[in-house]
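S.K.: Once you've had a glance at the structure underneath, I'll fire off some questions.
The values are calculated or read from the model by the stated rules, or taken from the named source; none is laboratory data. Note that the structure is a prediction, hence the values are computed from the model and not measured. Every residue, glycine as well, gets a Cβ built from its backbone with ideal geometry; the counts of neighbours run over all protein chains shown. Heads up: the accessible areas ignore ligands, DNA and RNA and are worked out on the full protein's heavy atoms, side chains in. Shrake-Rupley method; radii C 1.70, N 1.55, O 1.52, S 1.80 Å.
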Amino acid sequence: VLASAAEQIANVPDATRANVLYALAEAQFNLGDSDAADQRFAAVQTLARALGDNNLYLRAGVRRARQMADQGNPVLAERYIDELLKDADARKDPLIHASLLLQQSKAAYFRGHWVSSLTRFQAAQALWPAPRDEVDPGLRNDLDVELLTRQTPVLLTQGNPAAIQALLQAMRSALARLTPVMGEEHPRLVRLRVVADALSDLAATRSGWSGR
């Protein structure tokens, strides 16, 4: 169905086609078809440029950067994000800016650049929570989940019981809010649930961490 969808919308207006392709690309990425998703996000960017829709261009860019970072191309991801961040609009929009900084952090981490990774993560965290985006709520949801997930190793290193408990509560709140929206089996929510359960188990075994 997803493979033939592009043909079915070939004759609709470009603005509609761009938004449909964006949704299809996101669905393909979540199903694990990252190559097809990247091709569709690139097609979205081409349409967005023609339409003069820079916000859509940048949002698709965030998705492509995420794929590069997650699929083992951290060097390419860092270069691509650097180019996107040259756009003043990317830095003016806190959701897009924080999302790009987070992907930069991941790319730096995978390259073994720990200090740079932490610096970029903290910069992304400083912009969070980003304003809700009625046009693309999925981007905000992804940012929420990834920031919560990636806070875990940072806080474990610090060993602050109060911060651990606050993070656990934030994870549980996010799971309760996002599960009805994203679905229980969404890959990012599954990962968040696993991390929250592991963190809860760890907190229960360490004196002073349980908050009881």
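S.K.: Give a quick list of trypsin sites (Lys or Arg not before Pro) in the stretch 106-181 that DSSP marks as loop, anything other than H, G, I, E or B, with at most 15 other Cβ atoms within 10 Å. All intermediate terms of the calculation are to be shown ahead of the outcome.
M.R.: Numbers: sites: Lys106, Arg111, Arg120, Arg132, Arg140, Arg150, Arg172, Arg177; in loops: Arg111, Arg132.
Here the sparse-neighbourhood loop sites are Arg111, Arg132.
S.K.: Another question, then. Whole number in Å², please: accessible area per residue of the chain, 1.4 Å probe, ligands, DNA and RNA not counted.
M.R.: On the way: 10650 Å² over 212 residues.
Roughly 50 Å² per residue, with all protein chains present.
S.K.: Once you order the gyration tensor axes a ≥ b ≥ c over the Cα atoms, which shape class does the stretch 5-98 get: rounded for a/c under 1.5, otherwise prolate or oblate by comparing a/b with b/c?
M.R.: On the way: a/c = 2.30, a/b = 1.23, b/c = 1.86.
Since a/c reaches 1.5 but b/c is at least a/b, the shape of the stretch 5-98 is classed as oblate.
S.K.: Lys/Arg Cβ at +1, Asp/Glu Cβ at -1, dipole of the stretch 36-191 taken about the Cα centre: which of Ala60, His186, Phe121 is farthest positive-ward?
M.R.: Phe121
S.K.: Provide the FRET efficiency to the nearest 0.05 for the Ala123-Asp201 pair, computing r from the beta carbons and using R0 = 45 Å. Intermediate results must be reported in sequence, preceding the final value.
M.R.: Working: r = 31 Å, r/R0 = 0.68.
After rounding to 0.05, the efficiency reads 0.90.
S.K.: Now a separate question. Testing the spin-label approximation: label points 7 Å from Cα along Cα→Cβ at Leu156 and Arg79. State their distance in nm.
M.R.: Result: 3.3 nm between the two label points.
S.K.: Right, here's the next one. Take the Cα atoms of the chain, build their convex hull, and give its volume per residue in Å³.
M.R.: Values: hull volume 26.3 nm³, N = 212.
That works out to 124 Å³ per residue.
S.K.: Over the chain, what percent of the accessible surface lies on carbon and sulfur atoms, probe 1.4 Å?
M.R.: Numbers: 5750 of 10650 Å².
Here carbon and sulfur together make up 54 percent of the probe-accessible area.
S.K.: Quick one: 3J(HN,Hα) in Hz for the stretch 71-85, Karplus 6.51/-1.76/1.60 with θ = phi - 60°, rounded, Gly and Pro as x.
M.R.: 9, x, 10, x, 5, 4, 4, 4, 5, 5, 5, 4, 5, 5, 6
S.K.: Through the Karplus equation 6.51 cos²θ - 1.76 cosθ + 1.60, θ set to phi - 60°, convert the phi angles of the stretch 32-46 into ³J(HN,Hα) values in whole Hz; use x for Gly and Pro.
M.R.: Once rounded to whole Hz, the list reads x, 8, 5, 5, 5, 4, 5, 4, 6, 5, 5, 5, 4, 4, 4.
S.K.: Let me ask something else about it. With bins 10 Å wide starting at 0, give me the P(r) of the stretch 126-212 over every alpha carbon pair, in whole percents.
M.R.: 16, 49, 27, 7, 0
S.K.: Let me ask something else about it. Go ahead and estimate [θ] at 222 nm for the chain from helices alone: -39,500 (n - 2.57) per DSSP H run with n ≥ 4, summed, over the residue count, rounded to 500. Working shown, then result.
M.R.: Values: 11 runs with 169 residues, N = 212.
So the helix-based figure for the chain works out to -26000 deg cm²/dmol.
S.K.: Here is a further query. Keeping all protein chains in place and using 1.4 angstrom, which order do Tyr22, Tyr57 fall into by accessible surface area, from largest down? Don't skip to the end; give the middle numbers.
M.R.: On the way: Tyr22 20, Tyr57 45 Å².
Descending accessible area places them as Tyr57, Tyr22.
S.K.: Please compute the modelled spin-label separation between Val115 and Arg91, points set 7 Å along Cα→Cβ, answer in nm with one decimal.
M.R.: Output for this residue pair reads 2.3 nm.
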